[in-house]
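Note sheet for the following structure.
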Amino acid sequence: MQVKKKVFFKTFGCRTNIYDSQVMMSSMADYEVTENEGEADAIVINSCTVTNGADTHVRSYISGVEKSQSGAKLFLTGCGAHTKGESLLKEGRIHGVFGQSEKEKIDTLLKKEQPFYDPGDLNHIDDVIVDDFVGKSRAFIKIQEGCNFRCSYCIIPFVRGDARSMSEEKILEQIQRLALNGFGEFILTGTNVGSYGQDTKTSLAKLMKKMSQIRGVRRIRLGSVEPIQITDEFKEILGELWMEKHMHIALQHTSPTMLKLMNRRNVYKQDRELFELLADKGYAIGTDFITGHPGESEELWLEGMRNARDLPLTHLHAFTYSKRDGTPSSTMKPEVNGKIAKQRLHEIQDLIDIKNYEFRKAVTGELEVLVESQNNGLYHGFDQYFNKIIIDSKEDLIGNWVTVSDYSVKEECNYAQL
């Protein structure tokens with residue numbers, strides 16, 4: 001019997017990429033997935049290109065593999081395939097480059113003897129059913145692809161295409177299969193999750209209600225949504241027990257002038273009203289924030305920080321501005337010194353860390369925790385507010401749901417003994 005060649009998947013970036021890697025793993029018949037990079041005959045790099053840093057991570061990873069002289073063939077996919085694929089192929093550092101739309105043909109692509117570049121189609125919609133997630137206790141469900149927004153700093157619409165929704169029937173079938181396989185938490189992901197259903201005459205709230213009726217679905221979590229996508233219909237499901245009590249709502253800034261420069265559709269005054277409504281309903285709230293975008297003067301930064309202090313924020317995904325060629329922001333002036341941008345990043349991170357600590361201290365009641373991993377004999381998981389908790393237990397808790405009523409709140413995270 002012929003031994004199957006082994007493939008290692010190295011996934012960078014967002015949850016959409018995690019899902020896409022899983023689609024590739026599910027689509028392979030002639031190869032075997034390995035979680036040990038050293039024994040791989042081929043390595044598929046599912047790349048991210050949202051910032052220069054993301055590109056650098058991918059290049060560094062390729063350099064590391066080259067140094068190891070493992071002899072594994074390298075293949076590049078993901079968003080970086082569209083921006084850096086051709087140059088890496090020309091440099092002979094990659095054997096093959098393929099776009100996200102080609103991922104189901106993974107068996108055929110891995111067999112290609114000659115180097116190749118196949119960027120694929122930016123209008124593609126997945127119709128694969130994923131019924132397992134290798135090495136995960138939560139399931140990521142991609143419900144849409146692409147984005148119709150044109151924020152001035154963002155390259156993603158150019159590498160992921162315009163917004164298009166997956167088939168509701170396929171999404172629900174996938175959740176049914178995953179629930180039967182023991183998954184209880186589902187994370188809805190995509191390039192712009194909140195736009196789901198706009199092209200198919202349905203909505204995110206309707207989809208989530210249908211998901212919640214599937215046996216075994218215990219918690220539903222959303223990727224990032226835009227403030228204007230929290231409709232009245234969506235507000236009606238905020239009290240449901242299956243909703244994770246954490247929402248990630250992308251602001252990118254809190255200064256009205258900066259939001260205009262970034263060509264954002266959100267308005268700070270309305271953002272604040274929405275965040276206060278969510279906080280009143282007991283939600284933890286995360287956001288995205290960019291520091292150092294061209295035009296961010298000291299005055300506008302201070303205004304942004306004042307406004308951020310007034311928001312009931314608990315989580316933050318912040319990064320310094322990264323120039324992407326071809327975007328409107330890349331030619332805007334005045335530019336902000338990188339050192340200042342980094343300093344501002346730390347300022348806002350420190351602010352939200354304090355807010356998160358205060359939030360955790362104020363929480364009353366039990367925490368519903370899905371235990372995901374073990375490290376040095378301690379179990380790590382996330383509660384319904386998407387706050388990390390470390391649990392000391394003699395039992396094997398991996399993949400289990402545990403209810404924690406007695407725990408201590410430390411600055412870095414919560415701790416419990418069971």
Scan of region 1-42 for residues that are within 14 Å of GLY71 (Cα to Cα) and touching a helix residue (DSSP H, G or I) at 6+ places or on another chain (Cβ under 6 Å), ordered by number: LYS6, PHE8, ALA42
Strands (runs of 3 or more DSSP E) fully within region 15-124 counting 2 or more residues that are touching a residue at least 60 places away in the same chain (Cβ under 8 Å): 31-33, 42-47
Condition met for SER373 (more than 15 Å from LYS245 (Cα to Cα), in contact with a His (Cβ under 7 Å, 6 or more places away or on another chain) and among the polar types (S, T, N, Q)): yes
Residue within region 177-193 that is under 30 Å from TYR268 (Cα atoms), out of contact with any Lys or Arg (no Cβ under 8 Å at 6 or more places or on another chain), crowded, with 17+ Cβ neighbours inside 10 Å and not basic (Lys, Arg) present: yes
Qualifying residue in region 78-89 (condition: more than 21 Å from VAL159 (Cα to Cα), assigned by TED's automatic domain parsing to the domain that holds ASP41 and in contact with a strand residue (DSSP E or B) (Cβ under 8 Å, 6 or more places away or on another chain)): no
Which listed residue is at negative phi and either within 25 Å of the chain's Cα centre (by Cα) or at pLDDT below 95 (or both), from ASN307, ASN375, ASN337: ASN375
Selection within region 173-199 - in a strand (DSSP E or B), of a type in the set (A, V, I, L, M, F, W, C) and under 11 Å from GLN144 (Cα atoms): LEU188
Any chance PRO119 is more than 26 Å from THR191 (Cα to Cα) and surrounded by fewer than 18 Cβ atoms within 10 Å (Cβ to Cβ): no
Qualifying residue in region 228-245 (condition: surrounded by fewer than 17 Cβ atoms within 10 Å (Cβ to Cβ), closer than 21 Å to PHE275 by Cα, of a type in the set (Lys, Arg) and not assigned by TED's automatic domain parsing to the domain that holds HIS315): yes
Matching entry among LYS339, LYS394, LYS333, LYS355 (being of a type in the set (D, E, K, R), loosely packed, with under 14 Cβ neighbours inside 10 Å and assigned to a helix (DSSP H, G or I)): LYS339
Hits in region 338-362 (condition: farther than 18 Å from HIS253 by Cα and either of a type in the set (Phe, Trp, Tyr) or in contact (Cβ under 8 Å) with a residue 40 or more places away in the chain (or both)): ASN356, TYR357, PHE359, ARG360, LYS361
Hits in region 224-249 (condition: touching a Gly at 6+ places or on another chain (Cβ under 9 Å), within 20 Å of ASN356 (Cα to Cα) and not in a strand (DSSP E or B)): SER224, LYS245
Within region 1-52, tally of residues that are of a type in the set (A, V, I, L, M), surrounded by 23 or more Cβ atoms within 10 Å (Cβ to Cβ) and within 21 Å of the chain's Cα centre (by Cα): 3
Test: residue in region 399-408 that is among the hydrophobic types (A, V, I, L, M, F, W, C), surrounded by 13 or more Cβ atoms within 10 Å (Cβ to Cβ), touching a residue at least 24 places away in the same chain (Cβ under 8 Å) and under 24 Å from LEU311 (Cα atoms): no
Flag if LEU277 is part of a helix (DSSP H, G or I) and surrounded by fewer than 17 Cβ atoms within 10 Å (Cβ to Cβ): yes
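Yes/no matrix, rows are residues, columns are (1) of a type outside the set (Phe, Trp, Tyr); (2) more than 16 Å from the chain's Cα centre (by Cα); (3) in a loop (DSSP other than H, G, I, E, B); (4) at pLDDT 75 or above:
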residue	(1), (2), (3), (4)
VAL130	yes, yes, yes, no
VAL134	yes, yes, yes, no
ILE141	yes, no, no, yes
CYS147	yes, no, yes, yes
ARG150	yes, yes, yes, yes
CYS154	yes, no, yes, yes
ILE171	yes, yes, no, yes
Test: residue in region 296-304 that is touching a strand residue (DSSP E or B) at 6+ places or on another chain (Cβ under 9 Å) and more than 30 Å from GLU244 (Cβ to Cβ): yes
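One line per residue, one yes/no per condition, for (1) among the hydrophobic types (A, V, I, L, M, F, W, C); (2) assigned to a helix (DSSP H, G or I); (3) in contact (Cβ under 8 Å) with a residue 60 or more places away in the chain:
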{"site": "TRP301", "(1), (2), (3)": "yes, yes, no"}
{"site": "MET305", "(1), (2), (3)": "yes, yes, no"}
{"site": "ARG309", "(1), (2), (3)": "no, yes, no"}
{"site": "LEU316", "(1), (2), (3)": "yes, no, no"}
{"site": "LYS323", "(1), (2), (3)": "no, no, yes"}
{"site": "GLY326", "(1), (2), (3)": "no, no, yes"}
{"site": "SER329", "(1), (2), (3)": "no, yes, yes"}
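The values are calculated or read from the model by the stated rules, or taken from the named source; none is laboratory data. Everything numeric in this text was worked out from a predicted model, so none of it was measured. Cβ: placed from backbone, ideal geometry, glycine included. Neighbour counts: every protein chain shown.
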